[in-house]
1. Is it the case that segment 83-98 has a residue that's at pLDDT 95 or above and crowded, with 16+ Cβ neighbours inside 10 Å?
2. Looking only at segment 44-64, which residues are at pLDDT 95 or above and either aliphatic (A, V, I, L, M) or within 7 Å of the ligand (Cβ to nearest atom) (or both)?
3. In segment 43-58, what residues are among the β-branched types (Val, Ile, Thr) and in contact with a Phe, Trp or Tyr (Cβ under 7 Å, 6 or more places away or on another chain)?
4. Looking at segment 17-30, which of its residues are within 16 Å of the ligand (Cβ to nearest atom) and within 19 Å of GLY55 (Cα to Cα)?
5. Failed condition for LYS33, given (1) within 15 Å of the ligand (Cβ to nearest atom); (2) surrounded by fewer than 17 Cβ atoms within 10 Å (Cβ to Cβ); (3) under 13 Å from ILE104 (Cβ atoms), with all others met?
6. It is to be established whether one or more residues within segment 101-118 are modelled with pLDDT under 80, within 21 Å of ILE20 (Cα to Cα) and among the polar types (S, T, N, Q).
Amino acid sequence: MFRVCNVSEIKENSLNKFTIEKKDILVGKRNGKLFACDDSCPHRGASLHKGIYKGNNVVCYMHGYEFDVVTGKLTNMKSWKKSDTWIEQNQAWRESGNLIMYEIEIKQNEVYVKIPSNQ
Ligand code: FES
């Protein structure tokens, strides 16, 4: 496990980026619960900490895909309806996996995460 920060640094409804072992991770707090995941959007790699919350989801600022921060699941994909202002994207481009979630632990007011290079 890697130490990330003091627990008081993670505010309710915040999305915080930390770099640990050269990996960008996102640590947030929603509904009083801390979570950690890869900061890279599973769709096309945008920084998820620049997104916003909507319910239990983090909404990526880039194309609006939504991921549940508890389960990590992709829960909502933007509708890519053709319009005059939007170039239709192909199916492969639209595809996205789920969030890569990391185990998180609080010990003596410090936040720790387990990331793959540490397993
Ligand atoms: S990069 Fe996040 S929704 Fe496309």
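The values are calculated or read from the model by the stated rules, or taken from the named source; none is laboratory data. It should be emphasised that the depicted structure is a prediction, and the values quoted were computed from it without experimental measurement. Don't worry about glycine lacking a Cβ; one is built from the backbone with ideal geometry, like all the others, and counts go over all protein chains shown.
1. The answer is no; no qualifying residue exists.
2. Those that are at pLDDT 95 or above and either aliphatic (A, V, I, L, M) or within 7 Å of the ligand (Cβ to nearest atom) (or both): GLY45, ALA46, LEU48, ILE52, VAL58, VAL59, CYS60.
3. Restricting attention to segment 43-58, the residues satisfying the condition of being among the β-branched types (Val, Ile, Thr) are 52, 58.
The answer is VAL58, and nothing else.
4. Within segment 17-30, LEU26, GLY28 qualify.
5. Tallying (1) within 15 Å of the ligand (Cβ to nearest atom); (2) surrounded by fewer than 17 Cβ atoms within 10 Å (Cβ to Cβ); (3) under 13 Å from ILE104 (Cβ atoms), LYS33 fails exactly one: (1).
6. Taking every residue of segment 101-118 in turn, at least one turns out to be modelled with pLDDT under 80, within 21 Å of ILE20 (Cα to Cα) and among the polar types (S, T, N, Q).
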